[in-house]
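Read through the structure below, which is laid out as structure tokens, and then see the notes.
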Amino acid sequence: MAIGLVEGDKFLDAGCGDGFISIAASKIVKNQGKVYALDEYEPSLDLLRREINQNRIENIEVRMADMTAAIPLDDNSISKCVMANVLHGFASEGTLNPVLNGIKRVLKPGGTFAVVEFNKVEGPPGPSYNVRLSPEDVERILEEYGFSIGGTEEVGKYHYLVE
């Protein structure tokens, strides 16, 4: 992963969906680490739980959570956090404040927060053009909330990552 995830890290997949990133992260952090997979959509979490059970994965904790209300993790407990394809939703709903302040609260000092978003172009896959965020939009939002920007890079055909 581009964020420098290593064995033993405590990783937060914020808005994990079906857990693709959580599964990949669990293989990197291994048994010394922990993955917290948070989402508010129970059907996606059920798919992830099924995969965890089928593959006997022991280092992922799945939690249903509305991150606009609270992130159910301890202060300074997370080494690395990824939020993939969901920041645009919080931005369009006007709920960035509780979510990003919650991320700041759970990240350890010196921890890494990375945002993956769809490129700001017309057409599928992804949300409608008017709610998509450009890399510059994401950088500005993160800086407004006190995150330092380590860089922006293309990841795959449809996405970019701001770290």
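The values are calculated or read from the model by the stated rules, or taken from the named source; none is laboratory data. It should be emphasised that the depicted structure is a prediction, and the values quoted were computed from it without experimental measurement. Counting neighbours? That spans all protein chains shown, and the Cβs are built from the backbone with ideal geometry, glycine included. Calculation scope for accessible area: heavy atoms of the full protein, side chains included, ligands and nucleic acids excluded. Shrake-Rupley method; radii C 1.70, N 1.55, O 1.52, S 1.80 Å.
Numerical summary
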quantity	calculated
Test: Glu7 is within 26 Å of Glu139 (Cα to Cα) and surrounded by fewer than 20 Cβ atoms within 10 Å (Cβ to Cβ)	no
Those residues of segment 117-132 which are among the hydrophobic types (A, V, I, L, M, F, W, C) and either assigned to a helix (DSSP H, G or I) or open to solvent by 30 Å² or more (accessible area, probe 1.4 Å) (or both), in sequence order	Val121, Val131
Some residue of segment 50-68 being under 27 Å from Ser128 (Cα atoms), surrounded by 23 or more Cβ atoms within 10 Å (Cβ to Cβ) and within 13 Å of the chain's Cα centre (by Cα)	no
Options Leu12, Leu45, Leu38: the member that is in contact with a Phe, Trp or Tyr (Cβ under 7 Å, 6 or more places away or on another chain), among the aliphatic types (A, V, I, L, M) and either in contact (Cβ under 8 Å) with a residue 24 or more places away in the chain or closer than 23 Å to Tyr160 by Cα (or both)	Leu12
Of residues in segment 1-34 being modelled with pLDDT under 95 and touching an Asp or Glu at 6+ places or on another chain (Cβ under 7 Å), the one nearest to Asn59 (Cα to Cα)	Ile3
Pair list, Cβ under 6 Å, 6 or more apart: segment 80-107 residue open to solvent by less than 10 Å² (accessible area, probe 1.4 Å), other residue in a helix (DSSP H, G or I) and not hydrophobic (A, V, I, L, M, F, W, C)	none
Boolean, Ala114 is in contact (Cβ under 8 Å) with a residue 40 or more places away in the chain, under 12 Å from the mean Cα position of the chain (by Cα), farther than 16 Å from Phe147 by Cα and open to solvent by less than 80 Å² (accessible area, probe 1.4 Å)	no
